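The values are calculated or read from the model by the stated rules, or taken from the named source; none is laboratory data. Because the structure is predicted, anything quoted here is derived from the model rather than measured. Here the Cβ positions follow ideal geometry from the backbone for every residue, glycine too, while neighbour counts run over all protein chains shown.
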């Protein structure tokens, strides 16, 4: 936590902390990932992880919303692999 006190706007630190909490405390992980998006709304990994958490919680619409938002940020990106990952997860969650 000392690092966060020194660099409170470092999205990588918030994301790393969220990933540590992902399995043990999904709600805490969600809160930390939302902090990442507060700092950097276009943080693609946070959108993906939030979609996974929402899906695990049975919140299909929320999961798809996080994926769609991430895809909006990816529109201008040449990262086709990440786009495919988002679309594949969206397809799985939506059932088709």
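Descriptive notes on the structure:
- Residue pairs whose Cβ atoms lie under 8 Å apart, separated by 6 or more positions or on different chains, with the first residue in the stretch 52-64 and modelled with pLDDT under 95 and the second loosely packed, with under 15 Cβ neighbours inside 10 Å and part of a helix (DSSP H, G or I), do not occur.
- Residue list for the stretch 63-95, filter: buried (at least 17 other Cβ atoms within 10 Å of the Cβ) and within 12 Å of the chain's Cα centre (by Cα): 63, 64, 66, 67, 69, 70, 71, 86
- Residues satisfying the stated conditions in the stretch 66-96, i.e. without any contact (Cβ under 8 Å) to a residue 12 or more places away in the chain and either within 22 Å of residue 25 (Cβ to Cβ) or part of a helix (DSSP H, G or I) (or both): 72, 80, 81, 84, 88, 91, 92
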